[in-house]
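Q: Would you mind keeping the following structure in view while I ask a few things?
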Amino acid sequence: MTLVLHAPRPRPTHSHLLDWDGFELPTIARQLATPDIVIKPRELHLAFNWGILRSRNFSRFRKLRLSSPGPSGKKLPALSRSSTMASVRTITMTLETDVGVLITHPVRRETTYIVWGALMAVESAAANVPPRHVLVKIAVDEEGGEDLREDARLHENLAERGLTGYYGIFTDSIGSTALVIDDFDGELRDVESPILSS
């Protein structure tokens, strides 16, 4: 007896999913059941490892708590999930811990802040979480600090709606401000210098 399944034609980027065989399915099931770990840094320990910027120690940044709801003064409405959208349920775990961030390359320079590419690692050895690629926006002046705080308010509103990839905004003892988000694709890594071209 032959079993015939009729399904919509897959998109080209997902055609490899049809090549799974029976031996791979248990592995895929384990991966889907692996908890999605959401990291909520309490403190950020930051160092540079690029060009002449090579830190001897990690600088300690504490997390900022933002009180204002945002530029419009209103919170964004909650996201609703379409009833026609198929979703895979995953287990989500939240890990609140200190993180170390090693800046490895410049991405771009804006008027009031510089965006850097970096690796972020959880400092708790027991957590067993692999390092993540992140982008770190570092303010160059007080105006940049305010720009990053406004950016953080937007990210926090989106995080409340269920979108992930935002780790927080942090400040150190001398008032430097840094905002950390996921670098999902690493698509901007080819930029060599944070200096503006004229």
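The values are calculated or read from the model by the stated rules, or taken from the named source; none is laboratory data. Note that the coordinates shown come from a computational prediction; the quantities given were computed from them, not determined experimentally. Here the Cβ positions follow ideal geometry from the backbone for every residue, glycine too, while neighbour counts run over all protein chains shown.
Q: Could you figure out which of (1) surrounded by fewer than 19 Cβ atoms within 10 Å (Cβ to Cβ); (2) in contact with a strand residue (DSSP E or B) (Cβ under 7 Å, 6 or more places away or on another chain); (3) modelled with pLDDT under 95 isn't true of GLU187?
A: It is condition (2) that GLU187 fails.
Q: Here's another thing I want to ask about it. Of (1) under 18 Å from the mean Cα position of the chain (by Cα); (2) modelled with pLDDT of 95 or more, ARG161 satisfies all except one. Which?
A: (2)
Q: Please go through segment 128-150 and pick out each residue that is touching a Leu at 6+ places or on another chain (Cβ under 6 Å) and either hydrophobic (A, V, I, L, M, F, W, C) or within 15 Å of THR171 (Cβ to Cβ) (or both). Before the answer, list the steps.
A: Quick first cut of segment 128-150, residues touching a Leu at 6+ places or on another chain (Cβ under 6 Å) only: 131, 137, 139, 148.
Result: LYS137, ALA139, LEU148.
Q: Restricting to segment 151-168, give me the number of residues that are assigned to a helix (DSSP H, G or I), out of contact with any strand residue (DSSP E or B) (no Cβ under 8 Å at 6 or more places or on another chain) and of a type in the set (Gly, Ala, Ser).
A: Residues flagged as assigned to a helix (DSSP H, G or I), out of contact with any strand residue (DSSP E or B) (no Cβ under 8 Å at 6 or more places or on another chain) and of a type in the set (Gly, Ala, Ser) within segment 151-168 amount to 0.
Q: Please specify each residue of segment 151-162 satisfying the condition of being within 18 Å of GLU96 (Cα to Cα) and touching a residue at least 60 places away in the same chain (Cβ under 8 Å).
A: Matches in segment 151-162: GLU156, GLU160, GLY162.
Q: Continuing with the same structure: Kindly evaluate GLU142 against the criterion of being surrounded by fewer than 16 Cβ atoms within 10 Å (Cβ to Cβ) and more than 23 Å from PHE58 (Cβ to Cβ).
A: yes
Q: Among the residues of segment 136-150, how many are part of a helix (DSSP H, G or I) and within 22 Å of LEU102 (Cβ to Cβ)?
A: Number of matching residues: 2.
Q: Is it the case that some residue within segment 96-104 is assigned to a loop (DSSP other than H, G, I, E, B) and either surrounded by fewer than 16 Cβ atoms within 10 Å (Cβ to Cβ) or modelled with pLDDT under 95 (or both)?
A: No, segment 96-104 contains no residue that is assigned to a loop (DSSP other than H, G, I, E, B) and either surrounded by fewer than 16 Cβ atoms within 10 Å (Cβ to Cβ) or modelled with pLDDT under 95 (or both).
Q: Scan segment 127-143 and report the pairs whose first residue is hydroxyl-bearing (Ser, Thr, Tyr) and whose second residue is surrounded by 16 or more Cβ atoms within 10 Å (Cβ to Cβ), with Cβ atoms within less than 6 Å and a gap of 6+ or a chain change.
A: none
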